[in-house]
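The values are calculated or read from the model by the stated rules, or taken from the named source; none is laboratory data. These numbers were taken from a predicted model, which means no experiment stands behind them. Virtual Cβ from ideal backbone geometry, glycine too; neighbours counted across all protein chains shown.
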Amino acid sequence: MRAWVLNVALAGALALSLAGPSAAQVTYDRILHAEKEPQNWLTYGGNYGSLRHSLLTQITPANAKQLELKWVYRPKYLEKMEATPLVVDGILYTVQNSEVVALDAATGRNFWTFHYTIPPESNGYLLVVKGLAISGNTLYWATYDGHLIAIDAKSGKAVWNKILVAWRKGYQLNVAPLIVKDKIILGPATNERGANCWVAAYDTKTGNEIWRFYTAPIEASDPITMTWSGDSWKHGGSPIWVTGSYDPETNLTFWGTGNPNPGWNGDTRPGDNLYSDSVVAIDADTGKLQWHFQFTPNDEFDWDAVQVPVLANIDFKGKPTKAMLWANRNGFFYVLDRTTGKFLMAKAFVKQNWNIGFDEAGRPMKNPALVPKPMGTPYVEPGTQGGTNWYSPSFSPQTGLFYVSSWDNYGGPSTKFEVAPWKENHGYSGASPVGGYGRGGRGPNRGTPVAYRRESEGYGAIKALDPKTGEKIWEFKMVDWTESGVLTTAADVLFAGGKEGTFVALNAKTGALLWHTNLGGTVANGPITYSVEGKQYIAAAGDNALYVFGLMESGEKQ
């Protein structure tokens, strides 16, 4: 009799577990106070400030060497995984190529898989997506063929499916959306196709557009049209590639914008080309611009500002400061006042020679000897991938340091592209550079065009910077370059990876290596940490798979 009762109980528990995850109910208040539930990872950046810092402390510098693999999720797609997972109450949600999945965060068991067929011809540039957003019981996925899909987090069924952009016009969506109150905020990207981009807010219930802010001019009367010559503003670009941040105190949401079109040739577009290569601060309720700051005016190096804005409260020059910390692709680390956009400081965090200084407003003074020319110019640093790129940094209030994945000591001859006439729906066709600085360079070291190489080869590194001074406190060099995001914890442990598959735990104070493993391929997502039933886990992607680690169980072999 007891055995029968036990079997019935087990069968009931199994049926319950196979039914899928319970309703998530992620309210705006939960996201607003994400620090109160460090067991979860509720947004792309971990919280609205995009600190990528967790208050979990079970994994420490003393026991990090006891980390072991707990489970692996490997989808059927070959593209590298760049998505940052979400974790809500023991359920991990992630996306790869054309599938969204819900997994048991402790075991990796699949609850459901949502599949959406994306037309292969819609891929204008990248097949990767950065992640999901969640509000209430609904997940939101922006697909690279231009759809925004709402998915029930419990059942894995579509709630609605909206077409936001037309991929045939050169648009695609890559970002993980940002939820603010009842709004889904995101924007499209374009790959040198000349399609002007924007940041927009959509209703979480219906997907209907609420407001839109254009990151390039849309009409001749636009005040920023004067920063473009002739009709070049009509195809300015300024795409959105990476998720923004949000400051609830000012109700501002901050987004970084991409390069102007055409890339690598500013002759057809003299001027600053606003709002390309900038951060824009937008009122989250109305979509109105409050301020902007441009990092690289009239960019001819493809140094778009696609980095995640990190919002930190620091002591700067003896004063409490609501800062925005930004390691830019152009090789400089910036500190801005996030309430006003005022320039406070910039300092090179990698080797650079293109800029000889800044004016009081933070405008760079370009080295006139290194302006791109059709046949190439002397060696320009950093190279086309920049000092960093879209890889998410981290700020630790515990150490007071800013951490970033960087590419250092590399560059190439800067070459001006020849630009063929614009063709509607086809972008700038027939662009051909002389030299090796344009699109196609894959890095500062191995597998790199000859034009990048020099006696002192480049390298990738995780760097710790002091936001008060911009000075490097330490760096951890990788065997190859790195595309990894960075994660820090309140126990002063840092996690990051490298191109060749190395995944490391470092002491966040000193940069000392605590533990390492190899994930078999590029670490290109933002690692996260979470806990289930009191056990802390670390999740990171290697190539096209997600690996989850935890501490050895008591009694296991050390």
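Remarks
- Qualifying residues in the range 483-511 (those that are among the small types (Gly, Ala, Ser), part of a loop (DSSP other than H, G, I, E, B) and in contact (Cβ under 8 Å) with a residue 60 or more places away in the chain) - the one farthest from Leu56 (Cα to Cα): Ser484
- Residue, surrounded by the fewest Cβ atoms within 10 Å (Cβ to Cβ), within the range 235-274, restricted to residues that are in contact with a helix residue (DSSP H, G or I) (Cβ under 7 Å, 6 or more places away or on another chain) and closer than 19 Å to Asn330 by Cβ: Gly271
- Yes/no for Glu82 being under 30 Å from Glu192 (Cβ atoms), touching a strand residue (DSSP E or B) at 6+ places or on another chain (Cβ under 8 Å), among the acidic types (Asp, Glu) and touching a residue at least 40 places away in the same chain (Cβ under 8 Å): yes
- You will find that of Leu173, Leu132, Leu178, the residue that is under 27 Å from Thr225 (Cβ atoms), within 18 Å of the chain's Cα centre (by Cα) and surrounded by 21 or more Cβ atoms within 10 Å (Cβ to Cβ) is Leu173 and no other.
- Among the residues making up the range 142-197, those that are without any contact (Cβ under 8 Å) to a residue 60 or more places away in the chain, among the aliphatic types (A, V, I, L, M) and touching a Pro at 6+ places or on another chain (Cβ under 6 Å) are Ala142, Val165, Leu173, Ile184, Leu186.
- Total residues in the range 314-333 satisfying the condition of being part of a strand (DSSP E or B) and in contact (Cβ under 8 Å) with a residue 40 or more places away in the chain: the figure is 11.
- Reported count of residues in the range 438-494, each being at pLDDT below 95 and among the basic types (Lys, Arg), is 5.
- For the range 123-162, the tally of residues that are outside any strand (DSSP E or B) and of a type outside the set (Asp, Glu) stands at 18.
- Close pairs from the range 533-550: first part of a strand (DSSP E or B), partner of a type in the set (Lys, Arg), Cβ under 7 Å, at least 6 apart: Tyr537/Lys70; Ala545/Arg74; Val548/Lys70; Phe549/Lys70; Gly550/Lys70; Gly550/Lys535
- Cβ separations smaller than 8 Å between residues 6+ apart or across chains give no pair from the range 88-101 residues that are without any contact (Cβ under 8 Å) to a residue 60 or more places away in the chain and on the phi > 0 side of the Ramachandran plot to residues that are surrounded by fewer than 20 Cβ atoms within 10 Å (Cβ to Cβ) and basic (Lys, Arg).
- Residue-level analysis places Ile31 among those that are touching a residue at least 24 places away in the same chain (Cβ under 8 Å), of a type in the set (Val, Ile, Thr) and part of a helix (DSSP H, G or I).
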